[in-house]
């Protein structure tokens, strides 16, 4: 007999939840704040616990944890100790199923069938599900080591270029002028911003890049093209799962999906580079969590 599922898509910017009845009806839904155990374990635990309580209280009678399968798609569960601490903090459920948020998005988009997915948001990662139920992830290294082509990647490079102009080591551009003003316009204010900035703060600068590019700024346009290059390389890195590369982006006819906050901005550029249209996702990460909990998609097993 199928049970009620509490599906959660927990990422570094927002945390979304959905309570789903055995017949598939949505009983409750809601959102919370950032939930990434790798960057803030205590904060992630608190955000998820608050969201769980809100969702359970929306039903009449109030849903009890003991009758619910908690299915989690969570960023930052690679470290074994953090993973164990995060999951142990949410007791009382009939069962807990966990996976990366990217994998949840992949199986949500494909309905659990073999496919590839590129996610371009604050961070960036590529995922592929194979016919044997195993999967791979490429990039997703985080702000300091990768996330190439992401919002944080774009924002950081725009800031670097702007400060190079601020120092007189490069010509000024519309983008550099906008960003220097955005960061405070003076050395002390800029340094203060840099000392406190997190990946989402750099990603929040993307609208400035877009506005400058639309106004004809070459530096801004070059950055957007570079992000599309990185996304295309990420598609290629998914290859055949054995180290092979796929130049065209075609891979045994498998669907290729693009999700994330930068997907609309970069879709056409990426499609032009791949020479193909990207596929329309069937669902989202919350659907993926439900599919895995119901056994309609394999649990995450990395190659």
- Note on the structure: Heads up, the helices (runs of 4 or more DSSP H) in region 16-115 (entirely inside) with at least 1 residues that are in contact (Cβ under 8 Å) with a residue 60 or more places away in the chain are 101-110
- Scan of region 4-50 for residues that are in contact with a helix residue (DSSP H, G or I) (Cβ under 9 Å, 6 or more places away or on another chain), loosely packed, with under 15 Cβ neighbours inside 10 Å and over 24 Å from residue 262 (Cβ atoms), ordered by number: 24
- Can you tell me which residue among 229, 147, 217, 139 is buried (at least 18 other Cβ atoms within 10 Å of the Cβ), outside the structural domain of residue 35 (by TED's automatic domain parsing) and touching a residue at least 60 places away in the same chain (Cβ under 8 Å)? 139
- Identify, by number, the condition in (1) modelled with pLDDT of 95 or more; (2) not in a loop (DSSP other than H, G, I, E, B) that residue 152 doesn't meet. (1)
- Item | Output for region 74-84, where each listed residue is modelled with pLDDT of 85 or more and either surrounded by 15 or more Cβ atoms within 10 Å (Cβ to Cβ) or touching a strand residue (DSSP E or B) at 6+ places or on another chain (Cβ under 9 Å) (or both) | 74, 82, 83
- Item | Residue among 200, 182, 156, 178 that alone is under 30 Å from residue 126 (Cα atoms), surrounded by 14 or more Cβ atoms within 10 Å (Cβ to Cβ), assigned by TED's automatic domain parsing to the domain that holds residue 261 and without any contact (Cβ under 8 Å) to a residue 60 or more places away in the chain | 156
- Task: Could you give me the residue pairs with C-beta distances under 6 Å whose first residue belongs to region 255-280 and is outside any loop (DSSP other than H, G, I, E, B), whose second residue is surrounded by fewer than 16 Cβ atoms within 10 Å (Cβ to Cβ) wherever it lies, and which are 6+ apart or on separate chains?
- Result: 271/277
- Task: Mind listing whichever residues of region 183-204 are assigned to a helix (DSSP H, G or I) and either in contact with a strand residue (DSSP E or B) (Cβ under 8 Å, 6 or more places away or on another chain) or more than 19 Å from residue 262 (Cβ to Cβ) (or both)?
- Result: 187, 188, 189, 190, 191, 192, 193, 194, 195, 196
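The values are calculated or read from the model by the stated rules, or taken from the named source; none is laboratory data. Keep in mind that this is a model prediction, so the values were computed, not measured. Virtual Cβ from ideal backbone geometry, glycine too; neighbours counted across all protein chains shown.
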